[in-house]
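Structure record follows, encoded as structure tokens.
The values are calculated or read from the model by the stated rules, or taken from the named source; none is laboratory data. Keep in mind the model is a prediction, meaning the values are calculated, not measured. So basically every Cβ, Gly included, is an ideal-geometry build from the backbone, and we count neighbours across all protein chains shown.
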Amino acid sequence: MLEVKNLSVWYTKDRPVICHADVTLKDHQVVGLLGVNGAGKTTLINTLSGVHTEFEAEQILQDGARIGFSDDAFKRRRYTVFTEEQAFGYWSFSEYKKYMEKVYQTRLDEQYVQYLVEGFRFQEYREQYMNKLSTGNRKKVFLILGFALRLPLLILDEPLDGLDFGAAEFLYEVLRGHKSCGSVLMSSHIAESIEMTCDEVLLLNQGVMTSKEIQDGTDIRKEVKEWLRDGD
């Protein structure tokens, strides 16, 4: 679904955060992104989302066609939920939903939106300004609409941050369900979330990326410890 070859990303070019990485996201998969703090997970997500522009890549393909991360056609096929989102503070969920429908030129399935709202226990907050919501409830706004768009690529940067236990369990459910319509790239520092939802893991360590499929019974904690040790 998305293939990036020989990707290097930097803030200062002679000190790259990510070095010559290959990123491949297959159709209908949930892919976890792991790494220690400062490894470059958020930088990679910002690059894929067209926010961070200090990078170079040998080739970027979506469904076999050459693209750029900032191309309008690619933007309309992906949605990113950032770790902290402070924009749209004076909009309610309902207002932001109408805006998303206009931007993505679609009408959301109201029945599915309601399913997500109820699952995340967000019913009473739909008309409140987002800057009045707690961190967790503000995160739910973007998660609900991200899943409701049902796009080919959903990118989630630490989606569990701020969520309570019930919302986290529901998130696992909708993550697995999203594979019917698209793929998910999700960064997380919680091993359980990777084990319960992901088909593959990308590990960032000292600028180098390693990928590994997750089989039944995979002990993510053990695997990550070994990957980190091998990278030292």
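Going through region 124-143 one residue at a time, which ones are under 20 Å from Tyr172 (Cα atoms) and in contact with a helix residue (DSSP H, G or I) (Cβ under 6 Å, 6 or more places away or on another chain)?
Going through region 124-143, the residues under 20 Å from Tyr172 (Cα atoms) turn out to be 135-143.
Residues satisfying the conditions are Asn137, Arg138, Val141.
So, in region 1-36, exactly how many residues are of a type in the set (S, T, N, Q) and without any contact (Cβ under 8 Å) to a residue 12 or more places away in the chain?
1
Can you name the residue in region 21-45 that is buried (at least 22 other Cβ atoms within 10 Å of the Cβ) and in contact with a His (Cβ under 8 Å, 6 or more places away or on another chain) and is also farthest from Met196 (Cα to Cα) among such residues?
Leu34
How many residues does region 92-127 contain that are without any contact (Cβ under 8 Å) to a residue 40 or more places away in the chain, closer than 11 Å to Lys140 by Cβ and within 22 Å of the chain's Cα centre (by Cα)?
Number satisfying all stated conditions: 2.
Here is a list of conditions, (1) at pLDDT 95 or above; (2) touching a helix residue (DSSP H, G or I) at 6+ places or on another chain (Cβ under 6 Å), and Gly162 meets all of them except one; can you say which number that is?
Just one mismatch for Gly162, condition (1).
Only one of Glu195, Glu173 is within 23 Å of Val36 (Cβ to Cβ) and free of Cβ contacts under 8 Å to residues at least 60 places away in the same chain; which?
Going through Glu195, Glu173 in turn, just one is within 23 Å of Val36 (Cβ to Cβ) and free of Cβ contacts under 8 Å to residues at least 60 places away in the same chain: Glu195.
In region 7-26, how many are assigned to a strand (DSSP E or B) and within 16 Å of Thr43 (Cα to Cα)?
Initial filter on region 7-26 (assigned to a strand (DSSP E or B)): 7-9, 12, 15, 18-25.
Add one more test, that the residue is within 16 Å of Thr43 (Cα to Cα), and what stays is 7-9, 12, 15, 18-23.
Result for region 7-26: 11.
Filter region 27-64 down to residues that are touching a helix residue (DSSP H, G or I) at 6+ places or on another chain (Cβ under 9 Å) and not in a loop (DSSP other than H, G, I, E, B), then give me how many there are.
Looking only at that region, the number is 8.
From the list Arg66, Arg77, which residue is charged (D, E, K, R), closer than 30 Å to Ser8 by Cα and within 18 Å of the chain's Cα centre (by Cα)? Working first, answer last.
Working: Arg66 fails: within 18 Å of the chain's Cα centre (by Cα).
One residue alone meets the criteria, Arg77.
For region 139-159, does any single residue satisfy the condition of being loosely packed, with under 13 Cβ neighbours inside 10 Å and in contact (Cβ under 8 Å) with a residue 40 or more places away in the chain?
Filtering region 139-159 down to residues loosely packed, with under 13 Cβ neighbours inside 10 Å leaves none.
No, region 139-159 contains no residue that is loosely packed, with under 13 Cβ neighbours inside 10 Å and in contact (Cβ under 8 Å) with a residue 40 or more places away in the chain.
Within region 174-191, which residues are of a type outside the set (Lys, Arg), in contact with a strand residue (DSSP E or B) (Cβ under 9 Å, 6 or more places away or on another chain) and outside any helix (DSSP H, G or I)?
Gly182, Ser183, Val184, Leu185, Met186, Ser187, Ser188, His189
Quick check on Lys5: is it surrounded by 12 or more Cβ atoms within 10 Å (Cβ to Cβ) and over 16 Å from the mean Cα position of the chain (by Cα)? Give the steps one after another, and end with the answer.
Working: surrounded by 12 or more Cβ atoms within 10 Å (Cβ to Cβ): yes; over 16 Å from the mean Cα position of the chain (by Cα): yes.
Considered against the rule, which asks whether it is surrounded by 12 or more Cβ atoms within 10 Å (Cβ to Cβ) and over 16 Å from the mean Cα position of the chain (by Cα), Lys5 comes out as yes.
Exactly one condition in (1) in contact with a Leu (Cβ under 8 Å, 6 or more places away or on another chain); (2) without any contact (Cβ under 8 Å) to a residue 40 or more places away in the chain is false for Ala65; which is it?
So the condition that Ala65 fails would be (1).
Here are some conditions: (1) touching a helix residue (DSSP H, G or I) at 6+ places or on another chain (Cβ under 8 Å); (2) surrounded by fewer than 18 Cβ atoms within 10 Å (Cβ to Cβ); (3) of a type outside the set (Gly, Ala, Ser). Tyr115 meets all but one. Which one does it not meet?
The single condition Tyr115 does not satisfy is (1).
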